[in-house]
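The values are calculated or read from the model by the stated rules, or taken from the named source; none is laboratory data. Predicted model, so just to flag it, every value in this text is computed and none were measured. A quick note on method: Cβ atoms are made from the backbone with ideal geometry, for glycine too, and the neighbour counts reach across all protein chains shown. All accessible areas refer to the heavy atoms of the entire protein, side chains included, with ligands and DNA or RNA removed. Shrake-Rupley method; radii C 1.70, N 1.55, O 1.52, S 1.80 Å.
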Amino acid sequence: MHRTATSLVAMIFGLALSGAAFADPVEDKLIVETDDDVIEFVTTTEAPAYLDGALKTLYSGWHYREAETRDLQRDDFDNPGMVFVDRGLDSWNKAQGKNGESCAGCHEGPESMTGLRAVTPRVDEETGKLMTVENYIDACVTERMGLEAWGWTGDKMKDMMALVSMQSRGMPVNVTVDGAAAPFWAKGKEIYYTRFGQLEMSCANCHEDNQGLMIRADHLSQGQINGFPTYRLKDAGLLSAQQRFVGCVRDTRAETFKPNSDEFKALELYVASRGNGLSVEGVSVRH
């Protein structure tokens, strides 16, 4: 890029950060009392060695939110994301396949999905493809139930994602980064550090270089996705990780990749690996 244009971008980015103030992630504990148990979530942990010092300590995005928002997630009755979990359970039990199939008919209770959210994205042993939770849901919907795909950002997909994610609530994120996953992880890392758009910004510019800064009314987190799908108060709805990726890329004034693209699936694997050791929060609440 021409030096003048580069300087202009730097000036724009500088103006965006003007008036920013540093604010550490709050010291707090996330404990949720359910009907059956008390779950104490790991929201702070040591960064994995393969990040090569990019982050020393991992913080869930929960630590960067206001007290009122954090409290919403502490109580399942107040957590607005639980509505989508209930809808997902209705969908799970519904006979909706071409021949009356239901999720429950094959898998029995949703607890059969325990652990899935904690290890995805992952490489499928049979096909060698990188699979997200959405990919697994889509395979059941289209191949086993004979239905048309629900779509990656549709209500049916997000309802089921919420239900499936809740089955791993409290479990540590533990995605694989080596072996068959290594080339996908490397591709995701490359995307994470690539500057996009007219503002020439990368994921790392916000969530690594400037995490902790207050920009206007927003507190920049590390961009962890252990809480996704998340109920975002700003949008008054449930968002998947790849939906949030779309918003971030558009904020750089760039052409965005699409949900379920090879690029976003690789990016999701890499970003998930940056949170290995943090607890899956099921359905979190964010600003």
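Once the Cα atoms are used to define both axes, helix 241-251 deviates from the longest principal axis of the chain by about 30 degrees.
Mind scanning K29/K129; K129/K158; K94/K129 and naming the pairs with a C-alpha gap bigger than 27 Å? Flagged as over cut-off: K29/K129; K94/K129. First check a/c for region 72-181, with a ≥ b ≥ c the square roots of the eigenvalues of its C-alpha gyration tensor; if it is under 1.5, answer rounded, and if not, answer prolate when a/b is larger than b/c or oblate otherwise. Note, shape of region 72-181 comes out oblate. A probe of 1.4 angstrom, applied to the heavy atoms of all protein chains, finds M82 with accessible area near 20 square angstrom.
Length gained on full extension, V119 to T142: 6.0 nm, using 0.36 nm per residue less the C-alpha separation. On the accessible surface of region 156-287, probed at 1.4 Å, how many percent belong to carbon and sulfur atoms? Percent of accessible area from carbon and sulfur atoms in region 156-287: 50. Measuring only protein heavy atoms, the 1.4 Å probe finds V32 accessible over about 0 Å². Each Lys or Arg adds one and each Asp or Glu takes one away; over the other residues whose Cβ falls under 12 Å from the Cβ of P259, this sums to -1.
Relative to one another, the C-alpha centroids of region 229-287 and region 149-171 are positioned 13 Å apart. A helix-only calculation puts the chain at -10000 deg cm²/dmol for mean residue ellipticity at 222 nm, using -39500 (n - 2.57) for each DSSP H run of at least four residues, averaged over all residues. When exposed loop sites are taken as GluC sites (Glu not before Pro) in a DSSP loop with at most 16 other Cβ atoms within 10 Å, the longest stretch of the chain clear of them is 149-254. On a per residue basis, the chain carries 50 Å² of accessible surface, using protein heavy atoms and a 1.4 Å probe. Spin-label model, E66/A254: points 7 Å from Cα along the beta carbon direction are separated by 3.1 nm.
Segment K94..Y193, full-extension length gain: 31.3 nm, with 0.36 nm per residue of separation and the alpha-carbon distance subtracted. Shape class for the chain: prolate, because the ratio a/c of the largest to smallest gyration tensor axis (alpha-carbon atoms, square roots of eigenvalues) is 1.5 or more and a/b beats b/c. Charged neighbours of Y59, selected by a Cβ distance under 13 Å, balance to -1 (K, R count +1; D, E count -1). Using the Cα gyration tensor of region 132-287, with a ≥ b ≥ c the square roots of its eigenvalues, what is the shape: rounded (a/c below 1.5), prolate (a/b larger than b/c) or oblate (neither)? The shape class here is rounded. Among W152, W92, the order of accessible area from largest down is W152, W92, computed with a 1.4 Å probe on protein heavy atoms.
Net charge of the neighbourhood of R70, taken over other residues with C-beta under 12 Å away and scored Lys/Arg +1, Asp/Glu -1, is -4.
Close amide H pairs (under 5 Å, H built 1.01 Å from N) link I215 with L220, residues at least 5 positions away or on another chain.
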